[in-house]
Amino acid sequence: MNWDQIAGNWKQFLGNAKERWGRLTDSDWTVIEGKRDQLVGRIQERYGTAKDEAERQVAEFERDCDRAGTRLP
């Protein structure tokens with residue numbers, strides 16, 4: 001699943017993302033609004049990770065959405 005699909009249907013994926021990154025606040029999610037770069041940046045800030053680690057986590061989230069069959073009509 002590519003990020004355009006996730007971003008285009010952000011509300012459907014938001015619950016899964018909130019479970020994965022529980023340290024992000026509601027205001028973080030409002031700023032992110034499906035923007036991949038914003039998600040990476042917020043993960044870096046809240047979890048104290050390097051950019052490449054945050055990128056890896058987001059890429060894993062994309063793969064997990066695809067594996068779980070979270071495809072949209």
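The values are calculated or read from the model by the stated rules, or taken from the named source; none is laboratory data. All values reported here derive from a predicted model rather than from experimental measurement. Positions of Cβ are backbone-derived with ideal geometry, glycine not excepted, and every protein chain shown enters the neighbour counts. Quick note on the areas: whole protein, heavy atoms, side chains included, nothing else; ligands and nucleic acids left out. Shrake-Rupley method; radii C 1.70, N 1.55, O 1.52, S 1.80 Å.
Quick notes on this structure:
- Tabulated pairs, the stretch 11-29, first closer than 16 Å to residue 62 by Cβ, second open to solvent by 80 Å² or more (accessible area, probe 1.4 Å), C-beta under 8 angstrom, 6+ apart or interchain: 21/46
- The set of residues in the stretch 14-73 that are under 15 Å from residue 3 (Cα atoms), of a type in the set (S, T, N, Q) and at pLDDT 95 or above comprises 38, 57.
- Considering the conditions (1) open to solvent by less than 40 Å² (accessible area, probe 1.4 Å); (2) not in a loop (DSSP other than H, G, I, E, B), residue 11 is excluded by exactly one of them, (1).
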